[in-house]
Structures are given as C-alpha cells and as structure tokens.
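Enquirer: Next up is a structure, given as structure tokens.
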Amino acid sequence: MYIKQVIRNKKNWGFYLIGTFIIIPIMLIIFQIPFTVALTSAAMDDPELLAKLAQNDVNAMMSVLEPNLNLFLMLLGFAGMLLGVFISTKYIHKNSIRELTTSRDKIDWSRVFYSFSIWGLITVPLILLDTTIISPENYEWNFNYNSFIVLLAIVIVWIPIQTSAEEYLFRGYLMQGVGVISGTRWLPLIFTSLAFGLMHYANPEIDKLGNMVYVFYIGSGLFAGIMTLMDEGMELALGWHAANNSFAALLVTADWTALQTHSIYKDISDPQSLPVDEVLVPVLFFVVVLVIFSKKYGWTDWKGKLFGKI
C-alpha cells in the first residue's frame, strides 16, 4: 500500500529522473555554499590544504573549522536535500508529504518516537559498556560542558533533519519511484539499500576500516527498507536513523569518522586493528529490532510485502 498509493505516478515516471538528478542535487548544492565558503576562507593561506579541499578530501574538510561550526554547516546541506525531495514530491509529482511518509491516514509520530527509544535503549548501553568496561583503553574523556551544550542543541535540531533527508530520499522518494516504475517491491528494496551504502563511499571510515564497513551501511539500508515495506510507512525508519546518528554524535567521536564532534568520549584506538565483529554486531541487532517491531505492530505476509508485485 505504501508504494501502491502513488501508482498514478507511473505514467509520468520521467519526473523521478528530474527530481533525482536535477532538483534535489541543485537544492543540496545551494545549501552547501555556506560550508564551502567557510572552508575556503579558513584555508585561504594554506595552498596545500586548499588543494586537498579541492579534491574533496573529507579528512581535510573535518580539520579546518571548529567542530560545532563544522557540524552545523555540514548538516545545512541536508536541509537542502530534504527541501529538494519535498519540492519534487509536492510540485513535480503532485503527491502529499503524508503519502511520501506513510500509507496511514496521517503520520504516526508515536512510531517515530518508539523506534527512536528502542534503538537508543540498545545502542547507548552498548557504547557505555565498551567505553567503561570492555575497552576503556581505547577511549579518552572528551567532555567539555560549554562545547557539549552547543553540540546538544545542534544534534536536537539538525541531526533529525540530516537523517530525515536521507530517509525521505532513499526509503521514501526512491523506494516509491523504483517501485512504481518496476512494479516490484524487492527491486526498490535492494536498489535503495545498495545506493544508501554506496553514498557513504567518501566517508573517512571506509579508508580506515576498509570495505567491510559497507556491510554495515548496506545492512542499515536494508534494515530501514524492510521496516518501511513491512510497516507500510517510513516512521520507524525515521526514528531509528535519528537515534543512531544522534547518540553517535553525542557519545563518541574519533579523528577518522565523518562525524567529528565535541562528544563525551573520543576513540583513540587504531581503526585498522578493529575486529570485524565490532563492525558486524550492529547488523545482528537489526534482526532483534525487526522481531520487536514485528511483534508490536503485528507484521504478517513477509513474502508478499517484500517480494510481491505492486
């Protein structure tokens, strides 16, 4: 029902190409201008740094500005992405934001908050367990009250915008678009999961941890896609993604991650010595969460909802 409710868009399937390759990228670029200007201005007296920025060196980008300012300006681009998705949906396809979000009569915010809470109750204890008991030698205390308060404000306002932008693009706009065009459910599920994973190819984590990190990124996309198709809406995916990035930004940072923040702890371990299982463990918890949601919301007909025709 989530995809089928916009089946009328099939006759104008080319509009999805306009939205995906023109409107959304243009809005993203416009909103990234302040970040680009700030980086360039700060690095103006360093030709070597400017050269790295011109090559889209993510590590260089993360090192130029004060972390809170850097985070805010970086997240600003996602506001443009989200706006681009909404403009394409409302004015190109003539669909409502509600239809992009859910098949229910209205957006179920209780699902968003429930998903946020469940993932928080899993990840926060795991992170604190690792930082204090399992591997305390891999972390150092990084807490600074004034910087953390600013970070908290940024996280509360801007991280949900960032994660919502990604979810509305992949689990919303592209999921519905590929589903409508192909008439299938499995193809948009696989396509959006792979696209979501490959979107992170420039993240510094890939360089430090290797290609095994794609298992987490693609697995995350698959997890969010399954939730969306089984629950006939994006609400659970929106809550999970917001929780995942919010708690990551607040609790642990590292010099080799895409989110370098004034978090409580800083990971000082060698990322290349990280055991494979530490990357894969979160993927295993995805299965646990799917079982929890399945029981709570009474999901049935898994085969039909994931592999059936539209």
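The values are calculated or read from the model by the stated rules, or taken from the named source; none is laboratory data. Keep in mind that this is a model prediction, so the values were computed, not measured. Positions of Cβ are backbone-derived with ideal geometry, glycine not excepted, and every protein chain shown enters the neighbour counts.
Enquirer: Which one is nearest to S103 (Cα to Cα), of the residues in the stretch 158-210 that are polar (S, T, N, Q) and in a helix (DSSP H, G or I)?
Expert: Q176
Enquirer: Being within 19 Å of S263 (Cβ to Cβ) and either out of contact with any Lys or Arg (no Cβ under 8 Å at 6 or more places or on another chain) or charged (D, E, K, R) (or both) narrows it down to one of I190, I127, I206, so name that one.
Expert: I127
The rows are residues; the columns are (1) surrounded by 13 or more Cβ atoms within 10 Å (Cβ to Cβ); (2) touching a Lys or Arg at 6+ places or on another chain (Cβ under 7 Å); (3) modelled with pLDDT of 95 or more; (4) among the β-branched types (V, I, T).
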position	(1), (2), (3), (4)
K11	no, no, no, no
G14	no, no, yes, no
P25	yes, no, yes, no
L28	yes, no, yes, no
T36	yes, no, no, yes
L50	yes, no, no, no
S63	yes, no, no, no
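Enquirer: Another question about this same structure. Suppose we filter L229, L259 for residues that are modelled with pLDDT of 95 or more, surrounded by 19 or more Cβ atoms within 10 Å (Cβ to Cβ) and under 18 Å from the mean Cα position of the chain (by Cα); which single one remains? Working first, answer last.
Expert: On the way: L259 fails: modelled with pLDDT of 95 or more.
Selected residue: L229, the only one of L229, L259 that is modelled with pLDDT of 95 or more, surrounded by 19 or more Cβ atoms within 10 Å (Cβ to Cβ) and under 18 Å from the mean Cα position of the chain (by Cα).
Enquirer: How about the stretch 127-143: which of its residues are surrounded by 11 or more Cβ atoms within 10 Å (Cβ to Cβ) and touching a residue at least 60 places away in the same chain (Cβ under 8 Å)?
Expert: Passing the criteria: I127, L128, T131, S135, N138, Y139, E140, N142, F143.
Enquirer: May I pose another question? (1) under 30 Å from S147 (Cα atoms); (2) modelled with pLDDT of 95 or more; (3) in contact with a strand residue (DSSP E or B) (Cβ under 9 Å, 6 or more places away or on another chain): which one isn't true of A249, the others all being true?
Expert: Single failed check for A249: (3).
Enquirer: Search the stretch 144-200 for residues being among the hydrophobic types (A, V, I, L, M, F, W, C) and under 19 Å from K90 (Cβ atoms), and hand back the single one that is surrounded by the most Cβ atoms within 10 Å (Cβ to Cβ).
Expert: My answer is M175.
Enquirer: Keeping to the stretch 25-62, report how many residues are in a helix (DSSP H, G or I) and either in contact with a helix residue (DSSP H, G or I) (Cβ under 8 Å, 6 or more places away or on another chain) or of a type in the set (F, W, Y) (or both).
Expert: 23
Enquirer: Of the residues in the stretch 140-157, how many are assigned to a helix (DSSP H, G or I) and aromatic (F, W, Y)? Show your work before the answer.
Expert: If we filter the stretch 140-157 for residues that are assigned to a helix (DSSP H, G or I), which is where we start, we get 145-157.
So of that shortlist, the ones also aromatic (F, W, Y) come out as 145, 148.
Qualifying residue count, the stretch 140-157: 2.
Table: residues versus (1) surrounded by fewer than 20 Cβ atoms within 10 Å (Cβ to Cβ); (2) in contact with an Asp or Glu (Cβ under 7 Å, 6 or more places away or on another chain); (3) under 21 Å from Y139 (Cβ atoms); (4) of a type outside the set (K, R).
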residue	(1), (2), (3), (4)
Y217	no, no, no, yes
W240	no, no, no, yes
L251	yes, no, yes, yes
S294	yes, no, no, yes
K309	yes, no, no, no
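Enquirer: Just the residues that are assigned to a helix (DSSP H, G or I) and buried (at least 19 other Cβ atoms within 10 Å of the Cβ), please, taken from the stretch 87-98.
Expert: S88, T89, listed by residue number.
Enquirer: Need at least 2 residues that are in contact (Cβ under 8 Å) with a residue 40 or more places away in the chain and touching a Gly at 6+ places or on another chain (Cβ under 8 Å) per element, so show me which helices (runs of 4 or more DSSP H) inside the stretch 220-310 make the cut, counting only ones lying wholly within it.
Expert: In the stretch 220-310, the matching helices (runs of 4 or more DSSP H) lie at 235-251, 276-297.
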